[in-house]
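Here it is, the structure, as C-alpha cells.
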Amino acid sequence: MTRTFPRRAVALLASVLCVVMLGPAAVRADNPIVQTIYTADPAALVHDGRVYLYTGHDEDGSTYFTMKEWRVYSSADMVNWTDHGVPMNLATFSWASADAWAGQTIYRNGRFYWYVPVKNRATGRMAIGVGVSDSPTGPFRDAIGRPLVENGEIDPHAFIDDTGQAYLYWGNPNLWYVRLNADMISFSGSPTQIPLTAAGFGARSGNPSRPTLYEEGPWVYKRNGTYYNVFAAECCSEFIAYSTAPGPTGPWTYRGTIMPRQGGSFTNHAAVIDFNGGSYFFYHNGALPGGGGFTRSVAVEKFSYRADGTIPTINMTTTGAPQVGTLNPYVRQEAETIAWASGVETEPASEGGMNVGWIENGDYVKVKGVAFGAGATSFTARVASAGSGGRIEVRLGSVNGTTVGTCTVGGTGGWQTWTTITCPVSGATGTQDVFLRFAGGSGNLFNVNWWQFNQGSGPPPTTPPTTPPPTTAPPTTAPPTTPPPGGSGCTATYRTVNSWGGGFQGEVTVTAGTAAITGWQTRWSLANGQSISQVWNGTLSTSGSTVSVANASHNGALAAAGSTTFGFIGGGTPSTPTVTCTAN
C-alpha cells in the first residue's frame, strides 16, 4: 500500500511550536486534545465511567467548513484520549450530499442517538438527521432514512429533562426546539421558535437583522433546578455566552460571557459536562499549526461554578484539564490512547479498533500519569511493518527522558501483518508520564496496535483483545517451506523475534492442512540453559526439556490452510528448534 503524509508537516510543526511557545513546560501541554487531525464542534457524553467526545473533522488545508465525517474519542481520566475512528460519515445518510457539521449524542433506552446537520440533496438546505447505535463508539446507522426536521438551520442539541421529556434545540440565525417522543427519532407538535430578546440573550449592536448576541450552537442542561443554555455569541469572531431559565423552554435571562474571543478561530462551540466530581468545558480553537477558522482543534478546561450557580470566565489554556486518577500499565492499552502525539496518525486496524501509524524516526506518543507502582519488568507491543522496522524507546518524563527499555521491531511483511514483541524494562516505578519514542531509518517504520507493561517473573496479564484475534488471517511469518499436510494435520514454523542478554522472544505459527482442524498442540525441545516463562495465545506445559503449547480457547479451530500465531518469552540463548504439530 502507498502511504502518504497529509498531517506530517502539521504534526512536526506542532512539536516545534510547543517547544518555542512553552519552553520547559512543553511536555505538560495537553490542549488541544487531539493532535493527529483537526477536530471541531465538541459534544461530550458521560457513560459508564468514561467521557465520550464526539467531534467533527476539518479536512487539512480547508478554506471552508469542508467536513465529511464525524469522529469519537473517549477517556476515563480527561487527559489520555482513545481514538475510536469514524463511526459515522456523510454516506451514513443516503439523502445527504455535504456538510457533516456540528452534532451531539445522547443516550436513552439502551441506545445512542447522534443528531447532526447535513445538506439535504433533494432540497439543497441544511436538515437535521439522526444516527443510532447500540454502542457509544458506533457504528451508527441512519435511524429513519430521512431528515428528522428541516428548516435550513443547524447545530442540534438534545436534552432529557428530569420529567423524562426530551427536547431537541437547534438554530442559526434563530433558536428552535421540538419535544422529542420517547423513541428519540420523532417529535410531537411543530418546531417552536424561542424568542430572541436582549433580556434573554444579550443585545448586539450594529446588526438590525440580528439584534441579540445569540449566534448558534445551543447546549442546554439542568443543574440544581436551573436550566442553562450555553451558546456561541456574536460572530465574528465568536465568544461563548450563556443564559438561564426556570424551565427548559424559558423564559431565558442573559448571564454574560463564559469564554472571551480567543484562540485563532472565528467560531467557537461549547459543551459542558460533570464527570467524577468535576465540571468541564469543551471548546475549539485554531491552536495547532495550520489551524484557523476552517482547521480547528478541540480542547477542554476544568472549572467550578460559583456559589450562586453562575459560571466564571474560562480562558483557553495549553495545559488543559488535570488528570483524574492514573493509567494502569498492566492491562492492555490501545496505542491510540494518547495524551500528546508528535508526527503520527491513526488508521483502522485489521485486528479491530485503530492503530498508530505513519511513524517516522523521532516521532512519539505521550501517555500521562502511568502508575507503575513497585515497577515493571517488561514491555509488550503489538506491531506491524512492511519495511525494515525500527525501535520503540520507552522513556520517562519527557521525549528525551530516561530510557527504561528498548524494543526492536522487525519487518513483518505488511502494515497490517501483526506480531507481538516484548523487551525487558528497568527503572519504571511510581507514577510517570511515559513517552514511546520511535526510532529507525528513513520513511515509515512500523505501526503499533496496542501495548502493555508486565511486572514480576510470571506471565503478563492476559487482557484479551476487544475481539478475538483472527484465526484465518495470513501468518505473520513466512509460510512453511513444505506444503501443508493433507487431511487434518498441521505444521508449525518457529522464529526468534527479539533477543537480549539472558533472554529472547519467539513465536510459532501453526498452519492447518487441507482440512479444517478443531485444536492443535505443538512440541519442541529446549536447548541447554533455555527456559520458557510466558506464553500468549496458547497454553503452556513443560516436562523436563520438552515444551508443549496447545491452542487457547479462541484460536483452536482453524479453517483449511488457516493459520494462527502464539508468542512466548524465553530465558537463555535463542536457538532454532524443530517444532512438531499435532491436530485434534
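The values are calculated or read from the model by the stated rules, or taken from the named source; none is laboratory data. What you see is a predicted model; the values in this text were computed from it and never measured. All Cβ positions, even for glycine, are placed from backbone atoms using ideal geometry, and neighbour counts span all protein chains on display. Surface areas here come from the heavy atoms of the whole protein model, side chains and all, with no ligands, DNA or RNA. Shrake-Rupley method; radii C 1.70, N 1.55, O 1.52, S 1.80 Å.
Which of the residues spanning segment 112-140 are under 20 Å from the mean Cα position of the chain (by Cα) and not small (G, A, S)?
F112, Y113, W114, V132, D134, P136, T137, P139, F140
Looking at (1) modelled with pLDDT under 50; (2) hydroxyl-bearing (S, T, Y); (3) crowded, with 22+ Cβ neighbours inside 10 Å, which one does T422 not meet, given that it meets all the others?
Going through (1) modelled with pLDDT under 50; (2) hydroxyl-bearing (S, T, Y); (3) crowded, with 22+ Cβ neighbours inside 10 Å one by one, T422 breaks only (1).
Given the options A341, A307, A299, name the one that is touching a His at 6+ places or on another chain (Cβ under 8 Å) and of a type in the set (G, A, S). Quick ask: steps written out before the conclusion?
Working: A341 fails: touching a His at 6+ places or on another chain (Cβ under 8 Å); A307 fails: touching a His at 6+ places or on another chain (Cβ under 8 Å).
The conditions single out A299.
Among (1) outside any strand (DSSP E or B); (2) crowded, with 16+ Cβ neighbours inside 10 Å, there is one condition A527 misses while meeting the rest; what is its number?
Single failed check for A527: (2).
If you don't mind, there's one more thing I want to ask. Kindly indicate which of G278, G250, G256, G225 is open to solvent by less than 10 Å² (accessible area, probe 1.4 Å), of a type in the set (G, A, S) and closer than 19 Å to G309 by Cα.
The unique qualifying residue is G278.
Another question, if that's okay. Within segment 172-182, is there a residue that is surrounded by 11 or more Cβ atoms within 10 Å (Cβ to Cβ) and at positive phi?
no
For (1) assigned to a loop (DSSP other than H, G, I, E, B); (2) over 30 Å from R111 (Cβ atoms); (3) at pLDDT 95 or above; (4) not assigned by the TED database to the domain that holds A166, each residue gets a yes or a no:
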{"site": "I185", "(1), (2), (3), (4)": "yes, no, yes, no"}
{"site": "G200", "(1), (2), (3), (4)": "no, yes, yes, yes"}
{"site": "S205", "(1), (2), (3), (4)": "yes, yes, no, yes"}
{"site": "R210", "(1), (2), (3), (4)": "yes, yes, no, yes"}
{"site": "E215", "(1), (2), (3), (4)": "no, yes, yes, yes"}
{"site": "P218", "(1), (2), (3), (4)": "no, no, yes, yes"}
{"site": "K222", "(1), (2), (3), (4)": "no, no, yes, yes"}
{"site": "Y227", "(1), (2), (3), (4)": "no, no, yes, yes"}
{"site": "A232", "(1), (2), (3), (4)": "no, no, yes, yes"}
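Identify, please: which residue in segment 305-318 is β-branched (V, I, T) and surrounded by 13 or more Cβ atoms within 10 Å (Cβ to Cβ) and is, among those, nearest to I273 (Cα to Cα)?
Only one residue tops the list, namely I311.
While we're here: For segment 192-203, does any single residue satisfy the condition of being under 19 Å from I240 (Cα atoms), of a type outside the set (G, A, S) and touching a Lys or Arg at 6+ places or on another chain (Cβ under 7 Å)?
Among the residues of segment 192-203, not one is under 19 Å from I240 (Cα atoms), of a type outside the set (G, A, S) and touching a Lys or Arg at 6+ places or on another chain (Cβ under 7 Å), which makes the answer no.
Of the residues G405, G369, which is assigned to a strand (DSSP E or B) and in contact with a Pro (Cβ under 7 Å, 6 or more places away or on another chain)?
G405
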